[in-house]
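**Student:** If you scroll down you'll find the structure; I have some questions about it.
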Amino acid sequence: SVERTLVLVKPDGVSRGLTGTILSRIEAKGYTIAELKQVRATREVLEEHYAEHVGKPFFEPLVEFMLSGPIVAAVFEGQRVIEGFRSLAGTTEPTAAAPGTIRGDLGRDWGVKVQQNLVHGSDSAESAEREIGIWFA
Ligand code: CMP
């Protein structure tokens, strides 16, 4: 069925000038942009978005990283886009992510406390609707 997913180009992707490349790769696979904006996160938004990670050792570095610069937030649409985007993004750690994926081709380990991995994608239909509500309230 037609799904929607929240995609974030994180501050590392925006500051490295990879926004266009990343959005282009998602569009080239065949998904369509339903919503798109550049934003600065707030701690409140991040505590909602990353509710499952509050209290983990990487949470504070994650928040600092996500507050460090602009983010591009998008809603992409298409059949099975949630699974399709996660496959396109690659695994969490860019070093290990397969070549051919966004993280595998464009990311690396920068030796900092939090994985700077260029993009976020919702992991389920429930997360997608919850996250879209947070970033596109
Ligand atoms: P994402 O999956 O979008 O959301 C949680 C983020 O936390 C993840 O991307 C990484 O940026 C970061 N992250 C997850 N696990 C770790 C970890 N073990 N160490 C450092 N950063 C992590």
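What follows is calculated from the coordinates using simple rules that are stated; it is not laboratory data. Not measured: the values here are computed from a predicted model. In this analysis, Cβ positions are derived from the backbone assuming ideal geometry, glycine residues included, and neighbour counts consider all displayed protein chains.
**Student:** List every residue whose amide H lies under 5 Å from the amide H of Gly78, counting only residues 5 or more places away in sequence or on a different chain, with H placed 1.01 Å from N in the peptide plane.
**Tutor:** When sequence neighbours closer than 5 places are left aside, the close amide H contacts are Glu3.
**Student:** Continuing with the same structure: What's the exposure ranking of Leu67, Leu8, going from fewest to most Cβ atoms within 10 Å?
**Tutor:** On the way: Leu67 15, Leu8 22.
Ordered by Cβ neighbours within 10 Å, fewest first: Leu67, Leu8.
**Student:** How about Lys113: which lysines have a C-alpha closer than 23 Å to its C-alpha, ignoring those fewer than 8 places off in the same chain?
**Tutor:** Lys10, Lys56
**Student:** Shifting gears a bit: At 0.36 nm per residue, minus the direct Cα-Cα distance, what do Glu48 and Thr92 gain on full extension? Give it in nm, one decimal, please. Each step should come with its number before you reach the end.
**Tutor:** Values: separation 44, 0.36 × 44 = 15.84 nm, distance 2.00 nm.
Full extension of this stretch gives 13.8 nm more.
**Student:** Shifting gears a bit: I want the local charge near Gly100. Using Cβ-Cβ distances under 15 Å, sum +1 for each Lys or Arg and -1 for each Asp or Glu among the other residues. Each step should come with its number before you reach the end.
**Tutor:** Values: positive: Arg25, Lys29, Arg86, Arg103; negative: Asp105.
In short, +3.
**Student:** If you put +1 on each Lys and Arg Cβ and -1 on each Asp and Glu Cβ, how big is the dipole of region 21-137 around its Cα centre, in Debye rounded to 20? Before the final figure, lay out the partial values.
**Tutor:** On the way: 12 positive and 17 negative charges, 75 e Å.
The calculated dipole for region 21-137 is roughly 360 debye.
**Student:** On to the next question. Once both labels are modelled 7 Å past Cα along the beta-carbon direction, what's the Arg130-Glu64 spacing in nm?
**Tutor:** Once both label points are built, they end up 2.7 nm from each other.
**Student:** For Asn117, what is the net charge nearby, where nearby means another residue's Cβ is under 11 Å from its Cβ and Lys, Arg count +1, Asp, Glu -1? Don't skip to the answer; put the middle values down first.
**Tutor:** Numbers: positive: Lys10, Arg103, Arg108; negative: Asp12, Glu93, Asp109.
With Lys, Arg at +1 and Asp, Glu at -1, the net is 0.
**Student:** Still on this structure: Would you kindly calculate the translational diffusion coefficient of the chain, applying Stokes-Einstein with the Kirkwood radius from alpha carbon pairs, for 4 °C and a viscosity of 1.567 mPa s, and quote it in µm² s⁻¹ without decimals?
**Tutor:** Working: Rh = 14.9 Å.
The estimated diffusion coefficient comes to 87 µm²/s.
**Student:** If a paramagnetic tag sat 7 Å from the Cα of Lys37 along the Cα-Cβ line, which residues of region 98-123 would have the backbone N under 19 Å from that point?
**Tutor:** Inside the label zone: 120-122.
**Student:** Hey, fewest Cβ within 10 Å first, where do Arg43, Arg103, Arg25 land in order? Let's see the in-between values first.
**Tutor:** Details: Arg43 11, Arg103 23, Arg25 18.
Least to most surrounded, the residues fall as Arg43, Arg25, Arg103.
**Student:** What is the fewest-to-most order of His120, His53 by other Cβ atoms lying within 10 Å of their Cβ? Let's see the in-between values first.
**Tutor:** Working: His120 22, His53 14.
Listed from fewest to most nearby Cβ atoms, that is His53, His120.
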